[in-house]
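Beneath this line is the structure, given in structure tokens, with notes to follow.
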Amino acid sequence: MAAARGWLRKVAAVAGALPGGGGPGRAPGPAPDTAAPATAALYVHWPYCRKRCSYCNFNTYVVPAVDEAAVRACLVREAQTLLRLSQVHSVTSVFFGGGTPSLASPGTVAAVLEAVAGAAHLPAGAEVTLEANPSSTSASALDGFRAAGVNRLSIGVQSLDDAELRMLGREHTAAEARKAVEAARGLFPGRTSIDLLFGLPGQSRDAWAQRLEATLRLCDDHISLYQLTLERGTALAAQVRGGALPAPPQDLLADMYQTARNVLVAAGFRHYEVSNFARKGALSTHNLSYWRAEQYIGVGPGAHGRFVLRAEGGCSREARVQTLEPVAWMREVQSQGHGTRSRAVLSPLEQLEELLTLGLRMDEGITHERWGHFSPQLSLQAVFGEPGEARALQQEGWLVLDSGGLRCTWAGLAVLDSLLPDLLWQLQRVLGAARRPPRGAAGERAGGGARGL
Ligand code: SF4
């Protein structure tokens, strides 16, 4: 009870300090999004692969033949519909992901980009990324994608060791991956990213160090580094569960991640996001949009979006998910212009939870300005600057809250997942308390109503 009283006192102090006349009982909420400039990033999902990798549980399909003309028409139509519904006037970046979008023809990429440029402004030089698999990236194909408007490539190298690539069920060899990266660097200098996996079953500390050295000899200025997760239902997870392959120990995984950070930073990379490293300013504009909780539109089977439905007079950010299965998705797009399976208005708390969870993934963290856009009445300082979990995490050296905003320290970024539950709990508690009317105020309202009767 004493603790509860302490929190009530704290909330009263916080609420009293709200800018803009906010006081106890006044619900903190996001700024009306309609006041914000109508810009968005656009994600386009190509849902097909030639073969399923042993670790993959993405929304991807292996089919005997793809009716590319039909898929293209649906991607174009859905992009036009969602751009109209969101009334986005400028698209800041486009990302073709999958699946294996490098299996699509450059004509499909060009058609989608033309539709985007027709429905909204697509600035010259806006980042347009294509995810590519080394097995479908001949120099002529890459040249075609460049002519279609792609100006950045993200290549799924995953490993530079043939035995590891076989275990992962990848279609390509290490030599093919090298060739693909070299060809891409020739066509997209400074704008070729590579994806790499670590923590593979049986992968030793030394083997990982060798992969990192080989990567540094090959890479351009951006690397995405992911710890392999053994997803339920995948062939690789079944092999590990059945004892055919060893599960990587947790301390080894942590050690591999730290090794990679140290090696890449020593090589001039900035560790700008939990899984992403860039040098010479080659950060991914598109992915920054997600982490900064900006608007984004998802087109294609299973794509996710976060935007305001301005065409319907909306002023709240919605979470939107498109129908997963490509044939069902195409039927819906053909009949109603889009294949949205679910829509949900995000509450102020949900928006702040997303902002917190994603924003702390970046080394820049969450700026006061960005937080203020979503929470104009309850500042970062008001939520996380008071005694509580965040203060304790700051004192322990995991977190910083200063004039730049809230962010993880170098040590904190490596253990973000373990910090978030405490921070989310503090956010929920402070927001919930700030929204509850104080007892006196509620009583007055009730009394006033009674007098009116
Ligand atoms: S290429 Fe990528 S999306 Fe396709 S099966 Fe492999 S991991 Fe999954």
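The values are calculated or read from the model by the stated rules, or taken from the named source; none is laboratory data. Just so you know, these numbers come straight off a predicted model, no measurement behind them. Note that each Cβ is placed from the backbone with ideal geometry, even for glycine, and that neighbours are counted across all protein chains shown.
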Discussion item. Given the condition at pLDDT 95 or above and either among the hydrophobic types (A, V, I, L, M, F, W, C) or touching a His at 6+ places or on another chain (Cβ under 8 Å) (or both), answer yes or no: does some residue in the stretch 9-18 qualify?
Written reply: no
Before we move on, is Glu131 modelled with pLDDT of 95 or more, surrounded by fewer than 21 Cβ atoms within 10 Å (Cβ to Cβ), within 16 Å of the ligand (Cβ to nearest atom) and within 15 Å of Phe96 (Cβ to Cβ)?
yes
Checked pairs for the stretch 94-106, first in contact (Cβ under 8 Å) with a residue 24 or more places away in the chain, second assigned to a helix (DSSP H, G or I), C-beta under 6 Å and 6 or more apart or across chains, list as Phe95/His286; Ser102/Ser136; Leu103/Ser136; Pro106/Gly144; Pro106/Phe145; Pro106/Ala148
Taking first residues from the stretch 40-51 that are in the same structural domain as Val71 (by TED's automatic domain parsing) and among the β-branched types (Val, Ile, Thr) and second residues anywhere that are part of a loop (DSSP other than H, G, I, E, B) and more than 9 Å from the ligand (Cβ to nearest atom), the pairs with Cβ under 9 Å that are 6 or more apart or on different chains are Val44/Gly300; Val44/Ala303
query: Would the stretch 204-217 turn up any residue that is assigned by TED's automatic domain parsing to the domain that holds Asn59, outside any helix (DSSP H, G or I) and within 16 Å of the ligand (Cβ to nearest atom)?
result: no
Taking first residues from the stretch 56-83 that are touching a residue at least 60 places away in the same chain (Cβ under 8 Å) and second residues anywhere that are of a type in the set (D, E, K, R) and within 16 Å of the ligand (Cβ to nearest atom), the pairs with Cβ under 6 Å that are 6 or more apart or on different chains are Asn57/Glu231
Selection from the stretch 149-166 of residues away from the ligand (no atom under 13 Å from the Cβ) and either closer than 23 Å to Ala244 by Cβ or without any contact (Cβ under 8 Å) to a residue 12 or more places away in the chain (or both) yields Asp161, Asp162, Ala163, Glu164, Arg166
Condition set closer than 12 Å to Asp221 by Cβ and over 24 Å from the mean Cα position of the chain (by Cα), scope the stretch 185-198, selection surrounded by the fewest Cβ atoms within 10 Å (Cβ to Cβ): answer is Pro189
If we ask which residues in the stretch 48-77 are outside any strand (DSSP E or B), within 13 Å of the ligand (Cβ to nearest atom) and closer than 19 Å to Ala148 by Cβ, their number turns out to be 0
Restricting attention to the stretch 375-408, the residues that are at positive phi and part of a strand (DSSP E or B) number exactly 1
Within the stretch 92-112, restricting to residues that are under 29 Å from Asn57 (Cβ atoms) and aliphatic (A, V, I, L, M), the one that is nearest to the ligand (Cβ to nearest atom) is Leu103
Within the stretch 231-244, the residues that are surrounded by fewer than 18 Cβ atoms within 10 Å (Cβ to Cβ) and part of a loop (DSSP other than H, G, I, E, B) are Glu231, Arg232, Gly233, Gly242, Gly243, Ala244
